[in-house]
């Protein structure tokens, strides 16, 4: 069983900062619900409607473990809502 | 204005403060907040990828009047004069690739314009969380109140959309040359 190792990260949900200490063995995607909850986002929390960005790059595989991304401690990760449907 | 400006101002200042907390990241991406005087935020967007020089794409004024009983308004403006831009004055149409599905089958991708409006009219961003979208007669069934506090209509969300579709994919100026024959080229005039 992998040892639990924690890392401090800062998620920014549409401007709202959510500092979080996370287990690096968790998939990044798995923290989304908790992050949205703490950012006081209401309504649809469907994971397919959100995406992560780090250092100006969209994270294409959020199902990887957090530790695999090599984020420095305190890294700022943006959590953005995908654009809705065009009217 | 029907919302007490004191309330909208507090929310406006929260949005601007949150933007400024990450201003270095926004600047690197080409999103420059030039002025924030309630109820307007003036932002200039710069395409940073073109070589050899970055190119200023456009400006926007995001208006937070009546926020957040109403979503912010987004108006495209000249990046230096802040004069409102017409649709044909925008450098491009901010296209977005969307999947086409027919009879439940994916058949390909198509480009959709995020910016709508007639050429001579004021263009608007046709997305949820933008005042012009929700006020449009075609969208009366898609109320802002379905989106308020979901992340839509936040300054950060609007600037992310404008940067993603307005500047991130710009790589160069589109050039159109029209060669014209003006006469003959003479190798060496005879003496």
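Just a few scattered comments:
- If you run the Gaussian network model on chain B, springs between alpha carbon atoms under 10 Å, then out of B:102, B:75, B:112 the most flexible one is B:102.
- Across segment B:5-166, the mean sequence separation of Cα contacts (distance under 8 Å, 6 or more residues apart), normalised by length, yields a relative contact order of 18 percent.
- In chain A, the DSSP-assigned H stretches of four residues or longer account for a calculated mean residue ellipticity at 222 nm of -2000 deg cm²/dmol, using -39500 (n - 2.57) per stretch and the full residue count as denominator.
- Calculated FRET value between residue B:135 and residue B:53, using beta carbons and R₀ = 30 Å, to 0.05: 0.20
- Segment B:37-79 versus segment B:168-188: alpha-carbon centroid distance in Å: 33 Å
- Percent of beta bridges antiparallel (DSSP, chain A, rounded to nearest 5): 75 percent
- Reported value for chain A: 106 Å³ per residue, from the convex hull of its C-alpha atoms.
- Overall dimensions of the protein assembly as shown, expressed as equivalent-ellipsoid semi-axes from the Cα gyration tensor (√(5λ), whole Å, largest first), are 37, 26, 20.
- GNM flexibility winner over chain B from B:59, B:141, B:104 (Cα, springs under 10 Å): B:104
- Descending Cα extents along the principal axes, segment B:1-72, whole Å: 48, 22, 16
- Rg/Rh for segment B:5-166 stands at 0.98; both radii use Cα atoms, and Rh follows the Kirkwood definition.
- Shape annotation for segment A:6-48: C-alpha extents along the principal axes are 29, 20, 12 Å, from largest to smallest.
- A straight line joining the Cα centroids of segment A:17-40 and segment B:107-139 runs 33 Å.
- Angle in degrees between helix B:5-20 and the longest Cα principal axis of chain B, rounded to the nearest 10: 50 degrees
- Note on residue A:60 and residue B:176: the model spin-label points, each 7 Å out from Cα along the C-beta direction, lie 3.4 nm apart.
- Fraction of beta bridges assigned by DSSP in the protein assembly as shown that are antiparallel (%, nearest 5): 90 percent
- Between the Cα long axis of helix B:155-166 and the first principal axis of chain B there is an angle of about 20°, rounded to the nearest 10.
- Estimated from helices alone, the mean residue ellipticity of chain B at 222 nm is -6000 deg cm²/dmol (sum of -39500 (n - 2.57) over DSSP H runs with n ≥ 4, per residue).
- Shielding of peptide B:145-157 by partners, expressed as the average count of other chain Cβ atoms within 10 Å per residue Cβ, is 5.
Read-outs: derived from the displayed coordinates by stated rules, not from any lab. Quick caveat: nothing in here was measured; it's all calculated off a predicted structure. Cβ coordinates were reconstructed from backbone atoms using ideal geometry, including for glycine residues, and neighbour counts include every protein chain displayed.
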